[in-house]
Amino acid sequence: MIRSVVGCLVVVVFVFSSQIGGAAIVKERLFHDEAHYPKDLDGTNSTHDLTALPKWSKSSLTYAITNYPIGVPEGTVRSIIRKAFDSWSRVTNLDFVERPSTAQTDIQLSFAGMNHYRRGIPCQYSHENTLAHAFFPELGDVHFNAKYFFTGETSLEEFHNTAVHEIGHSLGLPHSTSRQSVMFLAQLIGNLLFEPQPEDIQAIQKLYGVRSATPSTTQSAPTGTTTRPTPRTTKPRTKTLLCSLSSYDTFVLDHRGNICVLAGQFYYNLNETNPPPRKISAKWPGLPQKVNAAITYLDQKTYFYKDDQYWKYDKRRLEDSYPRPISRGFPDIPSGLDAILAVKSYGFFAFQGSHYWFYDTRNPKPVEVDYPKPVGDFVGLPSRVDAAVTTTEGRRFLFSGMKYYELDNMNRVVRREGDVRRDWFNC
């Protein structure tokens, strides 16, 4: 039984061979996919069993390849991904439209190492031999392990087979017990499948119906993969109250990958050109005004902190029995936080005044005894921060008043700073 629509399906590759007359005969590569259900950030797990397979609520889906592996032309990768999507579109009522890497899309495909990000949220393969993993609807993203694609260890045919298999998961299909299925646990290296087989077709049509029209093959030519200095729109904002803000409460990356700034009873979606002020209570029912800090984490939940309590949201739904005391969910993290910043591994930095704490969710004692430490450990950062956010590209920003500071990817050093109004509010 699939337990969660936010399950991450993990693919681990094992290649078996035997020696006959001095020749290695490659047998199967084994997909060892198991749904990945990490505990929530606060140590709980509120996932409920589902009685039906997860599926997309619409028939036209957008996708983007956010980066490319070294050693193979981008056009080759795009062509194979396109073929993989088309193989599913031909047999069911789903259309897939490619968008530029900078666009907001339903499905993002990327090549990444062991520790990486999914839309700004830390993500990790379950094993160093993992070839790829995919998320069920309506998350759907696919991550290919950069260790294997393309370094000489996998062929274009193996990549094609993996892409079809993983996209099947991102559309809602679990594994099959039939060797004649592209969703089977193993594939013969010399006889890889590149399109859905009869059993797969029956399964996908049960979710989305029989193909009733010619599939759409519309795709937008991606622009370069270079990201803008900051996540702002390209046109100056002139028709929004955002430009009149003199202060704010916090920044947060929501479950859809939008960066929002919260101020009083309103929030502004910075991914919009001229975002209107919207009621916080309409997006996150039950959330009070003037929260201190916020974070969307690996568990796909969004956490808000105010005074000595925190609220946990599954998308836009406040989970049962929240708010809770910070001391209960996050031992040794103080009340009255100013900001929280996710890190690549399992944990976060918590800031209060001129000090910070590191909370490591993997350790029995998440906060070591040598904390708190001075914020001055972050080279180039002022002594106090007001907010923090990690973007969908995994870039880490801290805010102090109307100044922002981007951290280096590898350490606690500020790599650049700038003006919030100009680069984030675009005013």
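Show C243, C123, C427 ordered by accessible area, largest first, where the area counts protein heavy atoms only and the probe is 1.4 Å.
C427, C243, C123
Counting only protein heavy atoms and a 1.4 Å probe, tell me what percentage of region 353-405's accessible area is made up of carbon and sulfur.
Heavy-atom surface of region 353-405 belonging to carbon and sulfur, 1.4 Å probe: 52 percent.
Roughly how many Å² of W357 are accessible to a 1.4 Å probe, to the nearest 10?
Accessible area of W357: about 20 Å².
Can you give the accessible area of K403 in Å² (nearest 10), computed on protein heavy atoms with a 1.4 Å probe?
For K403, solvent-accessible area is about 80 Å².
D408 versus N129, label points 7 Å from Cα toward the beta carbon: distance in nm?
Output for this residue pair reads 3.6 nm.
Which whole-number value in Å² is the accessible area per residue of region 264-382, probe 1.4 Å?
41
Quick check: at a probe of 1.4 Å, how many percent of the accessible area of region 94-213 sits on carbon and sulfur atoms?
Whole-percent figure for carbon plus sulfur exposure: 51.
Along Cα→Cβ, 7 Å out, is where each label goes; now give me the distance between the ones at R328 and A282 in nm to one decimal.
Calculated label separation equals 3.2 nm.
Using R₀ = 51 Å, calculate the FRET efficiency as 1/(1 + (r/R₀)^6) where r is the Cβ-Cβ separation of R362 and S212; round to 0.05.
Once the sixth-power term is evaluated, E becomes 0.55.
Give me the distance in nm between label points sitting 7 Å out from Cα along the Cα-to-Cβ direction at I70 and L156, one decimal.
Result: 2.2 nm between the two label points.
The values are calculated or read from the model by the stated rules, or taken from the named source; none is laboratory data. Bear in mind the structure is a predicted one, so any value in this text is a computation, not a measurement. When we count neighbours, we look across all protein chains shown, and the Cβ atoms used for this are built from the backbone with ideal geometry, even at glycine. The protein model used for the area step is the full one, side chains on, heavy atoms only, and it has no ligands, DNA or RNA in it. Shrake-Rupley method; radii C 1.70, N 1.55, O 1.52, S 1.80 Å.
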